[in-house]
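Student: Structure provided below as structure tokens; questions to follow.
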Amino acid sequence: MGRVRAFLWHGRDIDGRRRGGFTPAGDVEQLRRWLGTRGLALGGSVRIPAGLERLFVSQTPQANDRQINALLRQLATLSRAGVPLIDAVTLIAREEKHAGLRRLADALREAIAAGTPLSIALADHPRHFDPLICGLVRAGEQSGQLDTLLERIASDRERAEALRHRLRHAMLYPGIVLLVALAVSTALLMFVVPRFESLFNGFGAELPGFTRQVIGLSDWLRGNGWPALLAALGAVPAVLALTRRYPAVREVGDRIKLAMPVTGGLIAGAETVRFARTLALLMEAGAPLAEALPTVADTLGTRPYKRAVRRMGEDLRDGRSLAFAIERTRCFAATTTRMIATGEAAGRLPAVLERIADRRDAEVRQGVDTLGSTLEPLIMSFLGLLVGGLVLALYLPVFQLGSVI
């Protein structure tokens, strides 16, 4: 889930009476949708300053995405087994060991016991349940297929989490190894090379060019290394803060991620999986295609894809086909466009979208596995060459000492 902000808001209910309060939400649009599920129209809102958000948000039960997935899976399993909803939530609250998730289950139980539908009870916790989940649960309540839709929601979130984990691991492992290589090399240059330098100076012999270059780099690091390190460490939170505050910076970052060789294709594939699976789920729940696309856009992780899917919704409202709209974005593979055109013509679009998601999911998984098996020996070779080159630079003069002694 995205970062949750705290909002103070005012508005009116369906009877025109003034209402107001505090609600955690990802942004104003999510706040507006949440109020809409409660029969409230947003009049205005003020975001609480970041330093004071914790005073409000800390009151909300804390649970991570994986624990929310487990809660939804338990609800789906118990509902499919015929357990009444209030009994299912009560059982989860009683058996749950994680304090935050137990508080969340207790809050849901109290709301359901008071006669609140599950969809509205979930909407009371926008930190954990986005409008997509609440809308699907509401569709399940109205159609009498709540257990089926809970099962689909749980399965979809579990698959998405597994794919995110694979992608995260594929990008994290090389970064960690390279950081270790950089740390080892820096330690050698700052602490080991100077000792060899004093030893070589004692012999008064001319050093090989490679060794002189390494010693020069060591001297520069000892003179400028700490300021450079502090600047690099300060740049990381600065870039993250700029990314959060300025959408244009985030846009550039997303475009760089998508343009990167190999990993960019994997990220694009993961976005296609999320798009196809979420759209299929919404269509099966009865959502009109043009109305489903903005909700799908909110689930995507990169701004270029979010914008492309929102533009697709505009094209559909103008009377164009989904295949035309998706081809116009230039964000999706040609095979995806052809399959969607076939699904539209045959009237089987949700099934085709599921097939696209399954195929792209398999391709991304295979790509991640291939990337890992390819990068590991390359990174280890690079690490060996880096450290080995430094060691060679230190021992080259030793081989020449015989001519001096």
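We did not get these values from a lab; they are worked out from the coordinates using the rules stated. Being a predicted model, the structure only gives us computed values, none of them experimental. Because the Cβ atoms are built from the backbone with ideal geometry, glycine has one as well, and the counts that use them run over all protein chains shown.
Student: Of LEU353, ILE133, THR337, which is farthest on the positive side of the dipole of the chain, counting Cα position, with +1 on Lys and Arg Cβ, -1 on Asp and Glu Cβ, and the Cα centre as origin?
Tutor: Checking the options against the dipole of the chain, the answer is ILE133.
Student: Moving to a separate point now. Using the alpha-carbon atoms, what tilt in degrees (0 to 90, nearest 10) does helix 28-37 show relative to the longest principal axis of the chain?
Tutor: The angle comes out at about 30 degrees.
Student: Between LEU85, GLN213, TYR246, whose Cα lies farthest towards the positive end of the dipole of the chain when Lys and Arg beta carbons carry +1 and Asp and Glu beta carbons carry -1, centred on the Cα centre?
Tutor: Toward the positive end, the furthest listed residue is TYR246.
Student: Between ARG348 and ASN64, what FRET efficiency follows from the Cβ-Cβ distance if R0 is 51 Å, with the result rounded to 0.05? Mind dumping the intermediate values first?
Tutor: Details: r = 37 Å, r/R0 = 0.72.
So the FRET efficiency works out to roughly 0.90.
Student: May I pose another question? Could you size up the charge dipole of the chain around its Cα centre, putting +1 on the beta carbon of Lys and Arg and -1 on that of Asp and Glu, and report it in debye to the nearest 20?
Tutor: On the way: 52 positive and 39 negative charges, 162 e Å.
For this selection, approximately 780 debye.
Student: Provide the net charge surrounding LEU149, with neighbours chosen by a C-beta distance below 12 Å and charges set as Lys +1, Arg +1, Asp -1, Glu -1.
Tutor: Values: positive: ARG80, ARG138, ARG152; negative: GLU141, ASP147, GLU151, ASP156, GLU284.
With Lys, Arg at +1 and Asp, Glu at -1, the net is -2.
Student: May I ask you to derive the relative contact order of region 80-238, considering only C-alpha pairs under 8 Å and at least 6 residues apart, and to give it as an integer percent? Working shown, then result.
Tutor: Details: 69 pairs, mean separation 17.3, N = 159.
Here the relative contact order equals 11 percent.
Student: Length gain on complete extension for the stretch ALA333 to SER198, per 0.36 nm per residue less the alpha carbon to alpha carbon distance? List each step's numbers first, then the result.
Tutor: Numbers: separation 135, 0.36 × 135 = 48.60 nm, distance 6.03 nm.
Net length gain for the segment: 42.6 nm.
Student: Rounded, prolate or oblate, given the Cα gyration tensor of the chain, with a/c below 1.5 counting as rounded?
Tutor: On the way: a/c = 2.48, a/b = 1.96, b/c = 1.27.
It comes out prolate by the Cα gyration axes.
Student: GluC sites (Glu not before Pro) within region 177-253: which are DSSP loop residues with at most 14 other Cβ atoms inside 10 Å? Kindly include the intermediate steps, with their values, before the conclusion.
Tutor: Working: sites: GLU197, GLU206, GLU251; in loops: GLU206.
Passing sites in region 177-253 are GLU206.
Student: Continuing with this model, one more query. Report the FRET efficiency, 1/(1 + (r/R0)^6), for VAL398 and ALA362, where r is their Cβ-Cβ distance and R0 is 56 Å, rounded to 0.05. Walk me through the numbers before you get to the answer.
Tutor: Details: r = 54 Å, r/R0 = 0.97.
For VAL398 and ALA362, the calculated efficiency is 0.55.
Student: Roughly how tilted is helix 131-143, in degrees to the nearest 10 and between 0 and 90, from the longest Cα axis of the chain?
Tutor: In the chain, helix 131-143 runs at an angle near 30 degrees to the longest axis.
Student: Ok, one more. Between VAL180 and LEU217, what is the spin-label point distance in nm, taking each point 7 Å from the Cα along the Cα→C-beta axis?
Tutor: It works out to 2.0 nm between the two label points.
Student: Let me ask you something else. What angle do you read, to the nearest 10 degrees and between 0 and 90, between the alpha-carbon axis of helix 349-400 and the longest principal axis of the chain?
Tutor: Between helix and principal axis, roughly 20 degrees.
Student: Cut-off 10 angstrom, C-alpha nodes, Gaussian network model of the chain. Which of ALA341, ALA393, ALA123 fluctuates the most?
Tutor: ALA393
Student: If R0 is 22 Å, what FRET efficiency do you get for VAL252 and HIS169 from their C-beta distance, rounded to 0.05? Don't jump to the answer; show the numbers that get you there.
Tutor: On the way: r = 25 Å, r/R0 = 1.14.
Calculated value: 0.30.
Student: Run the paramagnetic zone check for MET190: 7 angstrom along Cα to Cβ, then residues of region 221-250 with backbone nitrogen under 18 Å.
Tutor: Backbone N within reach: 221-236.
Student: Separate question: Taking Cα centroids, how far is region 150-173 from region 310-346 in Å?
Tutor: 26 Å
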